[in-house]
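Student: Following this message is one structure expressed as structure tokens.
The values are calculated or read from the model by the stated rules, or taken from the named source; none is laboratory data. Here the structure is a predicted model, which is why all the values come from computation and not from measurement. When we count neighbours, we look across all protein chains shown, and the Cβ atoms used for this are built from the backbone with ideal geometry, even at glycine. Side chains included, ligands, DNA and RNA excluded: accessible areas come from the protein's heavy atoms. Shrake-Rupley method; radii C 1.70, N 1.55, O 1.52, S 1.80 Å.
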Amino acid sequence: MDRTTRGLLAGIIAGIAMNVWNLFDYYVFHITKIRFLDWLWVLLTLDKPENSLQSVIALIIQIIIWDGFLGVVFAHLLVMITSQGIVYKSTIYGLLLWFSFKVAVNFYRIPVLSGIQPFPGALSNLLAVILWGIILGLILKIFEKSNKGIGIIT
């Protein structure tokens, strides 16, 4: 499996875990006020999804395209920063992305996304992003070990 495919799959798997956390928190605990899929839909349409179909489409795009793409970027960054301490580095990467996106959204005052989110929701989203980073690193580590075991050099 090449580096791009490993990054894509790791990003998607991590994205699924992150969204399970986020959706459980949104629908069961009612802590967070905005879902990650809302972020994607708002950035595309400047409004939250209006129905279940739009929510499902946003979720699929968010996981497969966005989280997968970010996994690919990290997998290729590993060429420059090495994979030693990969889980630590992937977690820091996730935190840097979260911080960058929050700053950009607030700086440009994007409707629905900018503004103050109550602390419990912000903390829950931060924990979801940390989960994404940890899982991204763990999956890439597993893929790296399996590639070395069968003699693939990428």
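To keep it simple, each residue is scored yes or no on (1) open to solvent by less than 40 Å² (accessible area, probe 1.4 Å); (2) without any contact (Cβ under 8 Å) to a residue 40 or more places away in the chain; (3) part of a loop (DSSP other than H, G, I, E, B); (4) closer than 25 Å to Gly137 by Cβ.
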{"site": "Val79", "(1), (2), (3), (4)": "no, no, no, yes"}
{"site": "Tyr88", "(1), (2), (3), (4)": "no, no, no, yes"}
{"site": "Thr91", "(1), (2), (3), (4)": "yes, no, no, yes"}
{"site": "Leu96", "(1), (2), (3), (4)": "no, yes, no, yes"}
{"site": "Lys102", "(1), (2), (3), (4)": "no, yes, no, yes"}
{"site": "Asn106", "(1), (2), (3), (4)": "no, yes, no, no"}
{"site": "Pro111", "(1), (2), (3), (4)": "no, no, yes, no"}
{"site": "Ile116", "(1), (2), (3), (4)": "no, yes, yes, no"}
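Student: Of Ser146, Ser124, Ser55, which residue is small (Gly, Ala, Ser), touching a Leu at 6+ places or on another chain (Cβ under 8 Å), in a helix (DSSP H, G or I) and surrounded by 12 or more Cβ atoms within 10 Å (Cβ to Cβ)?
Tutor: The unique qualifying residue is Ser55.
Student: Let me ask something additional. Just to verify a result, which residue in the stretch 58-77, among those that are of a type in the set (A, V, I, L, M) and farther than 17 Å from Ile139 by Cβ, is surrounded by the fewest Cβ atoms within 10 Å (Cβ to Cβ)?
Tutor: Of everything passing the filter in the stretch 58-77, Ile60 is surrounded by the fewest Cβ atoms within 10 Å (Cβ to Cβ).
Student: Next question, about the same structure. Pairs only if they're at least six apart or on different chains, beta carbon under 8 angstrom, first in the stretch 19-43 and under 11 Å from Gln62 (Cβ atoms), second open to solvent by 20 Å² or more (accessible area, probe 1.4 Å) and of a type in the set (Asp, Glu); list them, first residue then second.
Tutor: From the stretch 19-43, the pairs are Trp41/Asp47.
Student: Looking at Gly151, is it at positive phi, modelled with pLDDT of 95 or more and surrounded by fewer than 19 Cβ atoms within 10 Å (Cβ to Cβ)?
Tutor: Taking the combined requirement at face value, the residue does not satisfy it.
Student: Moving on. Among the candidates Ile92, Ile57, Ile63, Ile86, single out the residue that is farther than 22 Å from Arg6 by Cβ and either modelled with pLDDT of 95 or more or in contact with a Phe, Trp or Tyr (Cβ under 6 Å, 6 or more places away or on another chain) (or both).
Tutor: Testing whether each residue is farther than 22 Å from Arg6 by Cβ and either modelled with pLDDT of 95 or more or in contact with a Phe, Trp or Tyr (Cβ under 6 Å, 6 or more places away or on another chain) (or both) leaves just Ile57.
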